[in-house]
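Laboratory data are not the source of any read-out in this text; all were calculated from the coordinates shown. Just so it is clear, the model here is predicted, and its values are computed rather than measured. Backbone-built Cβ (ideal geometry, glycine too); neighbour counts: all protein chains shown.
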């Protein structure tokens, strides 16, 4: 009888544990879906701010941007972009050459692609800064973690990693 009670207790404990694992998994999925919905809502509003924590130049190591001002800000279709640049520049630059990537205005070829299964959003756009053309791809994950990949006509590619946030309230 003791053996039977012990086995019965083991079976019940294992079932309770498996139910709690299934419940935890369902909770994680629900939380992930809510985070993704929040991120999609922020992007659909057309008003958001990307601030990079680090830059990863092509062929180089990571560069911390914690103390360097940088942003990709969208407000009602108008972009304000200020990104430092680390990498190779072709063509010598010239008098009007910017050391970083700076742009203010309406971007070209703006598109948003949603991958709901992977909880990922891609925003693609092009911009012209002086004599250069930049192709930018923002890959945004469910919690707002964002990777911005910039390909330029006169510079080597660079990637910026950071977070997408709502614009701070101005007082």
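How do 112-123, 77-88 rank on mean C-beta neighbours within 10 Å, highest first?
Values: 112-123: 14.1, 77-88: 16.9.
Answer by packing, highest mean first, reads 77-88, 112-123.
Return the FRET efficiency for the residue pair residue 28, residue 75: r is the Cβ-Cβ distance, R0 is 45 Å, and the value is rounded to the nearest 0.05.
Details: r = 34 Å, r/R0 = 0.75.
The value I calculate is 0.85.
Rounded, prolate or oblate: pick one for the range 38-165, where a ≥ b ≥ c are the square roots of the eigenvalues of its C-alpha gyration tensor, a/c under 1.5 means rounded, and failing that, prolate if a/b is larger than b/c, else oblate.
Numbers: a/c = 1.87, a/b = 1.48, b/c = 1.26.
Prolate, since a/c reaches 1.5 and a/b exceeds b/c.
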Going fewest to most other Cβ atoms within 10 Å around each Cβ, 110, 160 line up as 110, 160
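Among 158, 29, which comes first, second and so on when ranked by fewest other beta-carbon atoms within 10 Å? It would help to have the intermediate numbers written out before the result.
Values: 158 23, 29 10.
Ranked by crowding around the Cβ, least crowded first: 29, 158.
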Exposure proxy check: 73, 24 ranked by fewest other beta carbons within 10 Å? 24, 73
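Could you give me D for the range 116-171, from Stokes-Einstein at 4 °C and 1.567 mPa s, where the hydrodynamic radius is the Kirkwood radius over C-alpha pairs? Units µm² s⁻¹, please. Write out the running numbers ahead of the final one.
Details: Rh = 12.7 Å.
Answer from the Stokes-Einstein relation: 102 µm²/s.
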